[in-house]
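Here the structure comes first, spelled out in structure tokens, and everything after it is commentary.
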Ligand code: NDP
């Protein structure tokens, strides 16, 4: 038996939105710790490139699943495909997410719904679908990706903030319900991270870059690699008594001015 608390050899993980940004940073970390990772995304090219990278890191069994997480049927099929291929599931990372920046009064209902469906409803559907698979594995880990807007309001992200507040509270409910099944459910709350999601805001919003640097005690933007360690911890037996938490990974952004 391994003495490495963080060893994920033989573990099977799903990372939604694992083909880029924070999700790929997480997938790389899990692969390097020994897990086989199924990356989920809509873009087949990005999926293929991510899988090649994970395989080069030594995670030979890693694979891609092309799916849109706003399609509940596709989420259920994704879990079924992993069960068929690997026969077990140990870790589900609900990371896929989008934002549309607007003042609250300007959102169309369809935009609100799209954000809530992508960031929150999809995570719930994936958790529901994963539950029997995790039970069958004798337990497992769910990691939901929140945001600083899980804690703070944001004047140009009302639906995004609602989805990210919801993801923390949903996770706490699942953590409470499924602790008896040895399933731990936790959230990671990223600060400002340099990815596709924030690149446009960085270009379009004057002064954003400087404000992020000034407000972040670490004095820099996060990078996808910053999420590997926390994801490995929350996926490993090192975190078996940690559940229902929401852990900021933000260079100190949420600790105060
Ligand atoms: P990116 O835009 O870089 O990546 C988003 C990922 O989600 C892509 O892999 C994309 O793949 C996937 N995705 C989006 N919509 C869908 C969908 N409908 N179905 C399947 N996959 C989808 O964003 P980040 O890496 O920055 O964000 C990842 C998570 O972190 C999100 O939940 C985001 O809200 C959160 N976050 C990010 C912060 C940041 O500063 N970057 C800060 C706080 C939280 P594809 O295009 O192939 O579908």
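If I build a Gaussian network model for the chain, linking alpha-carbon pairs within less than 10 angstrom, which residue out of 152, 233, 124 has the largest mean-square fluctuation? Looking only at 152, 233, 124, the largest GNM fluctuation is found for 152.
Taking other Cβ within 10 Å of each residue's Cβ, how do 164, 136 sort, fewest first? Please list the in-between numbers first.
Details: 164 29, 136 13.
Listed from fewest to most nearby Cβ atoms, that is 136, 164.
Using only alpha carbon pairs under 8 Å that are at least six residues apart, calculate the relative contact order of segment 12-249 and give it in whole percent. RCO, segment 12-249: 21 percent. The fraction of all Cα pairs in segment 1-76 landing in successive 10 Å bins from 0 to the largest distance is 22, 50, 22, 5, 0, given as whole percents. Per residue, the chain reaches -13000 deg cm²/dmol at 222 nm when only DSSP H runs of four or more residues are counted, each adding -39500 (n - 2.57). Taking only the Cα atoms of segment 92-140, the ratio Rg/Rh comes out at 1.19, with Rh defined as the Kirkwood radius. Extending each Cα 7 Å along its Cβ direction at residue 169 and residue 155, get the distance between those two points in nm, one decimal. A separation of 2.5 nm, rounded to one decimal place. With R₀ set to 51 Å, the beta-carbon distance separating residue 241 from residue 44 gives a calculated FRET efficiency near 0.80.
Relative to the dominant Cα principal axis of the chain, helix 44-56 is inclined by about 60°.
Shape analysis of segment 12-249 yields a ratio of the Cα radius of gyration to the Kirkwood radius, Rg/Rh, of 0.95.
Listed from fewest to most Cβ neighbours within 10 Å, the set 63, 75 follows the order 63, 75. Scaled against 2.2 N^0.38 Å for its residue count N, the alpha carbon radius of gyration of segment 125-219 is 1.34. When 160, 253, 107 are arranged by Cβ crowding within 10 Å, least crowded first, meaning fewest neighbours, the order is 107, 253, 160.
Per 0.36 nm of contour for each residue apart, how much would the distance between residue 220 and residue 202 grow if the chain were fully extended, relative to their Cα-Cα spacing? Each step should come with its number before you reach the end.
Values: separation 18, 0.36 × 18 = 6.48 nm, distance 1.35 nm.
Using 0.36 nm per residue and subtracting the Cα-Cα distance, I get 5.1 nm.
Distance between the 7 Å Cα→Cβ label points at residue 52 and residue 101: 3.2 nm.
In segment 170-257, the inverse of the mean reciprocal separation of distinct Cα atoms equals 14.6 Å; this is its Kirkwood hydrodynamic radius. Counting only alpha carbon atoms, the long axis of helix 122-136 and the longest principal axis of the chain meet at about 20°. The angle between the Cα long axis of helix 72-86 and the longest principal axis of the Cα atoms of the chain comes to about 40 degrees, rounded to the nearest 10. Ordering 43-49, 97-103 by mean Cβ neighbour count within 10 Å, with the highest value first, yields 97-103, 43-49.
Laboratory data are not the source of any read-out in this text; all were calculated from the coordinates shown. The shown structure was predicted, so the numbers you read here are calculated from the model rather than taken from an experiment. Positions of Cβ are backbone-derived with ideal geometry, glycine not excepted, and every protein chain shown enters the neighbour counts.
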